[in-house]
1. Among the strands (runs of 3 or more DSSP E) lying completely within the range 189-293, list those that include at least 3 residues that are touching a Leu at 6+ places or on another chain (Cβ under 9 Å) and modelled with pLDDT of 95 or more.
2. Taking into account only those residues within the range 128-182 that are surrounded by fewer than 19 Cβ atoms within 10 Å (Cβ to Cβ) and among the acidic types (Asp, Glu), which is farthest from the chain's Cα centre (by Cα)?
3. In contact (Cβ under 8 Å) with a residue 12 or more places away in the chain and on the phi > 0 side of the Ramachandran plot, is that true of GLY214?
4. Working only within the range 91-115, note down all residues that are assigned to a loop (DSSP other than H, G, I, E, B), without any contact (Cβ under 8 Å) to a residue 40 or more places away in the chain and in contact with a Pro (Cβ under 9 Å, 6 or more places away or on another chain).
5. Any residue in the range 162-182 that is modelled with pLDDT of 95 or more and more than 28 Å from GLY259 (Cβ to Cβ)?
6. With respect to THR88, determine if the residue is among the hydroxyl-bearing types (Ser, Thr, Tyr), more than 17 Å from GLY170 (Cβ to Cβ) and in a helix (DSSP H, G or I).
7. Residues of the range 219-267 being within 15 Å of ARG278 (Cα to Cα) and of a type in the set (Asp, Glu), which ones?
8. If the Cβ limit is 9 Å and pairs must be 6+ apart or interchain, which residue in the range 257-271 that is surrounded by fewer than 18 Cβ atoms within 10 Å (Cβ to Cβ) pairs with which residue that is assigned to a strand (DSSP E or B)?
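The values are calculated or read from the model by the stated rules, or taken from the named source; none is laboratory data. The model shown is predicted, which means the values in this text are computed figures rather than measured ones. So basically every Cβ, Gly included, is an ideal-geometry build from the backbone, and we count neighbours across all protein chains shown.
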Amino acid sequence: MSTKWGFGLDIPTSAAPGADPVADARRAEELGFDFVSASDHPSTEHPSMETWTMLSWIAAATSRIGVATRVLGVPYRNPAMVAKMAETLDRLSGGRLVLGLGGGYSDAEFRAFGMRVPTARDKVDGLEEAVRITRGLWSEPAFTFRGRLHHTSEAHLEPKPARRIPIWLGTFGPRALELTGRLADGWIPSLGFAPPEQAKAMRDRVLAAARDAGRDPAEITCAYNVGVRIGERAGDDPALLSGPPDAVVERLLGFTALGFTTFNFMPAGPGADEQVERLAREVLPELRRAVPA
């Protein structure tokens with residue numbers, strides 16, 4: 001999978017007046033992006049949409065472009081039910097889902113919705129159990145799983161997925177990175193949490209864990225979640241890739257040298273529509289010319 005190059009676009013979950021995620025996704029499809037994605041923060045002070053519902057609506061209104069959860073917080077939803085939801089969305093969309101999962105970022109969001117706040121260990125263990133439950137339900141009849149945090153009992157999930165739905169994990173700590181290498185189809189860190197000077201060592205940990213588990217590391221897609229701002233000058237925010245198009249392309253090609261073959265772009269600042277257009281017309285063609293098909 002890692003030899004396949006892909007370029008995605010963040011679709012904000014904003015529900016502010018004038019927000020139109022379906023129109024944004026349709027435009028991304030027209031402009032040639034390979035997938036759209038959305039983050040998962042159910043409790044915010046700003047009007048927002050629930051991620052899964054929004055992406056389902058997008059999938060129904062598009063025909064080619066992939067849809068990715070970036071990433072669903074496992075503690076928010078029962079893992080077995082998410083497995084069922086994922087099979088249905090993938091089937092109805094014609095095989096366009098990437099199921100991105102994470103341990104859950106904001107403890108404040110758990111408290112706000114009356115959920116138990118998981119420990120750091122719980123977040124990683126729960127993520128592992130969710131992946132095992134999901135894969136088990138997708139492949140085995142009457143699936144029983146007894147985990148420390150989650151379980152199933154002779155659970156049936158029919159129909160089974162028509163294909164292997166990719167599971168990408170947004171992980172950063174050592175245990176979570178090793179989990180990614182053992183079980184996941186992809187790794188999707190964010191530039192702000194995994195800067196280039198750290199990302200290589202983190203990726204090496206993922207791939208080493210894959211080898212230790214008897215897997216081919218080349219099967220793991222390494223995707224970089226990157227905030228980007230195209231403009232006259234580069235800014236000084238290390239978590240944001242900014243500057244003229246040629247400079248942005250050069251930085252992205254540098255990230256490919258770290259092993260990233262897929263990028264998810266988050267246009268930053270005002271003029272988001274213009275940013276998306278410039279990404280599609282001035283950055284993506286150069287990247288596609290520079291990297292293997």
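1. Values: elements: 221-230, 240-243, 262-267.
Ranges flagged: 221-230, 262-267.
2. Checked the range 128-182; the qualifying residue farthest from the chain's Cα centre (by Cα) is GLU154.
3. Against the criterion (in contact (Cβ under 8 Å) with a residue 12 or more places away in the chain and on the phi > 0 side of the Ramachandran plot), GLY214 does not qualify.
4. Scanning the range 91-115 gives a single hit, GLY104.
5. Taking the range 162-182 and keeping what is modelled with pLDDT of 95 or more, we get 162-182.
Checking which are more than 28 Å from GLY259 (Cβ to Cβ) leaves us with 162.
Yes, some residue in the range 162-182 is modelled with pLDDT of 95 or more and more than 28 Å from GLY259 (Cβ to Cβ).
6. Values: among the hydroxyl-bearing types (Ser, Thr, Tyr): yes; more than 17 Å from GLY170 (Cβ to Cβ): yes; in a helix (DSSP H, G or I): yes.
The answer is yes for THR88.
7. GLU232, ASP246
8. These pairs meet every condition: LEU258/CYS222; LEU258/TYR224; GLY269/ARG229; GLY269/LEU240; GLY269/SER242.
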